[in-house]
Amino acid sequence: MQDTSQTSNIIVYLGHGYQRNFVAIVNATIRLQAGGLDLTQEDQFKTALMEAITEWVLSSENGQRAWEDACGEFQVCDLSNALPSPDLDKILARRGIEQISITIPEFAELWDCETNLIDESRVENLA
């Protein structure tokens, strides 16, 4: 039997928050074809994820509580806080997302895309 699952990493830019840039790494084990979607494609993965989270919010107490805690905007950080969730895991699996975790790297709070990676004091004579 051919393995139809693979692990994918998606890097999500979370924008500016508290004067910093944030990224998140969404790690997921996916079924390659699920419900007519190709979950290796980022837009189709996002569609499956959004459908699963919406179903979870509408069908479970944990989902409703997470939605209320998110103040009407359920974002990647909210999902990170809600995991693990056995009832959400079941819904995700039906959508082809067999495992999911979210990592928000610590460095994301310490630097952003404009952080200078050159020691200016050592190269000042080159300018």
Query - The one condition in (1) touching a residue at least 40 places away in the same chain (Cβ under 8 Å); (2) among the polar types (S, T, N, Q); (3) part of a helix (DSSP H, G or I) that S101 fails to fulfil - result: (3)
Query raised in the report: Quick check: anything in segment 72-84 at pLDDT below 90 and either over 14 Å from the mean Cα position of the chain (by Cα) or assigned to a strand (DSSP E or B) (or both)?
Result: yes
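The values are calculated or read from the model by the stated rules, or taken from the named source; none is laboratory data. Since we're looking at a predicted model, the values are computed, not measured. Virtual Cβ from ideal backbone geometry, glycine too; neighbours counted across all protein chains shown.
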